[in-house]
1. Return yes or no: is residue 267 surrounded by fewer than 18 Cβ atoms within 10 Å (Cβ to Cβ), touching a helix residue (DSSP H, G or I) at 6+ places or on another chain (Cβ under 9 Å) and at negative phi?
2. Suppose we filter 123, 169, 158 for residues that are over 16 Å from residue 319 (Cβ atoms) and part of a loop (DSSP other than H, G, I, E, B); which single one remains?
3. Quick test for you: out of 179, 149, 130, pick the one residue that is at pLDDT 95 or above, assigned by TED's automatic domain parsing to the domain that holds residue 248, closer than 29 Å to residue 305 by Cβ and in contact with a helix residue (DSSP H, G or I) (Cβ under 6 Å, 6 or more places away or on another chain).
4. Wholly within segment 17-99, which helices (runs of 4 or more DSSP H) include no fewer than the required count, namely at least 1 residues that are crowded, with 24+ Cβ neighbours inside 10 Å, touching a residue at least 12 places away in the same chain (Cβ under 8 Å) and in the same structural domain as residue 296 (by TED's automatic domain parsing)?
5. Which one of 289, 315 is surrounded by 14 or more Cβ atoms within 10 Å (Cβ to Cβ) and within 22 Å of residue 115 (Cα to Cα)?
6. Would you be able to say whether some residue in segment 205-225 is farther than 27 Å from residue 285 by Cα, in contact (Cβ under 8 Å) with a residue 60 or more places away in the chain and surrounded by fewer than 18 Cβ atoms within 10 Å (Cβ to Cβ)?
């Protein structure tokens, strides 16, 4: 753990005073949970648009700030939660840690692997929490995968495909290369699911293509990566979005010596020599609330969290290898 939990009260008095960076979907769900929990209090919120930030802050009786720098400088903030564009995650996390704050950040911790590792070391030196959110590990699909993997024996092939058609493609930061980052680093959960389930990766090959527009926002992107695990498992990751796609897809399949697991959207099934068995997949609702409560539990009671920052950064290393493969056309060995 990046912080000691021997005597949690020495560093986390209640209520925990929170500064929230961002006013989007994740920030709203975080804020609702923080406001409803007597163990926390939202002190301030910073955002890019003054009007939106003011409206958001009023909903949670918090101070509206136009600069995240002003937020991390505040003496009355114990915990900074970062829910803003991917490009800025590492800079905000570094500033907050240097000011002696605990930090929670939506993945990725950084778009640069070396910087992410520096942030882990900084958190350890400051004896502060650095937690990277990966709510997909708490969701029904991942829980079902973990539960039923033993039923299919030794695994040899897996595929995870998410396709999101959007027309017209939105002109927002998730369609901007600088703000969003390389697709598999930005959408790190696609890699993290695999590394959490199957362990170490030995090699990565990847191809990426964009459909550009006349401004800084692209219209479509597709990223496909092949992962070879040290166990021998071969896996494919497919991430696509935008105007070039015509049918949505969310498919995860794993094939083993004794059967297969197929999850298509929220429908799951186990296939083996005895036939087909339906698998109930739990809801994806409420995961940000659950995750936020777990962070408070950890800071106050020392309850272990469900993922370490090191595990997140390992997934980022695999994604970075995919990026280098897409740039060079070569298979990257890890």
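1. Against the criterion (surrounded by fewer than 18 Cβ atoms within 10 Å (Cβ to Cβ), touching a helix residue (DSSP H, G or I) at 6+ places or on another chain (Cβ under 9 Å) and at negative phi), residue 267 does not qualify.
2. Testing whether each residue is over 16 Å from residue 319 (Cβ atoms) and part of a loop (DSSP other than H, G, I, E, B) leaves just 169.
3. None of the other options fit; the residue is 179.
4. 25-36, 68-73, 89-98
5. 315 is the lone residue from the list that is surrounded by 14 or more Cβ atoms within 10 Å (Cβ to Cβ) and within 22 Å of residue 115 (Cα to Cα).
6. yes
The values are calculated or read from the model by the stated rules, or taken from the named source; none is laboratory data. These figures come from a predicted structure and were not determined experimentally. FYI the Cβ positions are ideal-geometry reconstructions off the backbone, even for glycines, and counts take in every protein chain you see.
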